[in-house]
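Below: the structure, in structure tokens.
The values are calculated or read from the model by the stated rules, or taken from the named source; none is laboratory data. Note that this is a predicted model, so its numbers are computed, not measured. Here Cβ is always computed from backbone atoms with ideal geometry, including for glycine, and neighbour counts include all displayed protein chains.
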Amino acid sequence: MNIRSTTILSVRHKGSVVIGGDGQVSLGNTVIKHNAKKVRKLYRDQVVTGFAGATADAFTLFDRLEQKLDQYNGNLMRSSVELARDWRSDKILRRLEAMMIAVDKDHSLLLSGTGDVIEPDTGVIAIGSGGPFAQAAALALVQKSDLEAEEICRTAMEIAGSICVYTNHSIVLESL
């Protein structure tokens, strides 16, 4: 699924993990909002999530993931697998057009409506139209600098915002 609407980036580095998201909401080629919050903490502030895609769909996914986290006592991996299973098989959820990144102290996961629950080897995940730019910048900074995860995430998001027309510089970061 190719989401043309935002940039969400997660960086796990030096013992911490952060998710950053831009604040732009676009409708077609028009910017509707500049400071939306697409990153939030869930389950007693132990899980951070970020979404790309349709806003109402993302709120549905946040709610569903929170329910799964409650059901499985905060186990992000199990909750994510169960959410992905529901997302793929439920007739209503299957129509949701969004992608999500969810992280906790141990896991960084990419979730999609096709049933994907992917944990990358690099500790860097990006989604949305500016995702490839942010991911490339973050990977380079992880390898070639002494910056902390939050600084890497912010810098990579700023780079993506300078390249992608669906991404702005109103960046929200949440870390664990």
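Of everything in region 12-71 that is basic (Lys, Arg) and under 16 Å from the mean Cα position of the chain (by Cα), the residue that is nearest to residue 134 (Cα to Cα) is 12. Each residue in region 6-29 was checked for being part of a loop (DSSP other than H, G, I, E, B) and surrounded by fewer than 23 Cβ atoms within 10 Å (Cβ to Cβ), and 5 pass. Check whether at least one residue in region 75-92 is without any contact (Cβ under 8 Å) to a residue 12 or more places away in the chain, of a type in the set (Val, Ile, Thr) and more than 26 Å from residue 164 (Cβ to Cβ), and report yes or no. For region 75-92, residues without any contact (Cβ under 8 Å) to a residue 12 or more places away in the chain, of a type in the set (Val, Ile, Thr) and more than 26 Å from residue 164 (Cβ to Cβ): present.
Just so you know, in region 156-170 the residues that are assigned to a helix (DSSP H, G or I) and among the aliphatic types (A, V, I, L, M) include one that is farthest from the chain's Cα centre (by Cα), and it is 163. Every test in (1) under 19 Å from residue 174 (Cα atoms); (2) exposed (fewer than 14 other Cβ atoms within 10 Å of the Cβ) is passed by residue 40 save one, and that test is (2).
Can you find a residue that is in contact with a strand residue (DSSP E or B) (Cβ under 8 Å, 6 or more places away or on another chain), surrounded by fewer than 19 Cβ atoms within 10 Å (Cβ to Cβ) and either under 15 Å from residue 48 (Cβ atoms) or modelled with pLDDT under 95 (or both) anywhere in region 123-144? Yes, some residue in region 123-144 is in contact with a strand residue (DSSP E or B) (Cβ under 8 Å, 6 or more places away or on another chain), surrounded by fewer than 19 Cβ atoms within 10 Å (Cβ to Cβ) and either under 15 Å from residue 48 (Cβ atoms) or modelled with pLDDT under 95 (or both). For residues that are modelled with pLDDT of 95 or more and of a type in the set (S, T, N, Q), scanning just region 1-53, find the one that is nearest to residue 114 (Cα to Cα). Residue satisfying both the conditions and the ranking: 49. Considering only residues in region 75-108 that are out of contact with any Asp or Glu (no Cβ under 8 Å at 6 or more places or on another chain) and hydroxyl-bearing (Ser, Thr, Tyr), the one that is modelled with the lowest pLDDT turns out to be 89. Of the residues making up region 128-169, those that are farther than 22 Å from residue 36 by Cα and among the aliphatic types (A, V, I, L, M) are 136, 137, 138, 139, 140, 141, 142, 147, 149.
Selection of region 118-135 for residues being without any contact (Cβ under 8 Å) to a residue 12 or more places away in the chain and among the hydrophobic types (A, V, I, L, M, F, W, C) yields only 118. Of all the numbered requirements in (1) among the aromatic types (Phe, Trp, Tyr); (2) modelled with pLDDT of 95 or more; (3) closer than 29 Å to residue 28 by Cβ, residue 72 misses one, and that requirement is (3). In region 109-116 there is at least one residue matching the filter, namely being surrounded by 17 or more Cβ atoms within 10 Å (Cβ to Cβ), at pLDDT 95 or above and part of a strand (DSSP E or B). What number of residues in region 46-66 are in contact (Cβ under 8 Å) with a residue 60 or more places away in the chain and exposed (fewer than 15 other Cβ atoms within 10 Å of the Cβ)? Matching residues across region 46-66 total 1. Within region 152-160, is there a residue that is over 26 Å from residue 31 (Cβ atoms) and either of a type outside the set (Phe, Trp, Tyr) or at pLDDT 95 or above (or both)? Within region 152-160 (the criterion being over 26 Å from residue 31 (Cβ atoms) and either of a type outside the set (Phe, Trp, Tyr) or at pLDDT 95 or above (or both)), the answer is yes, since at least one residue qualifies.
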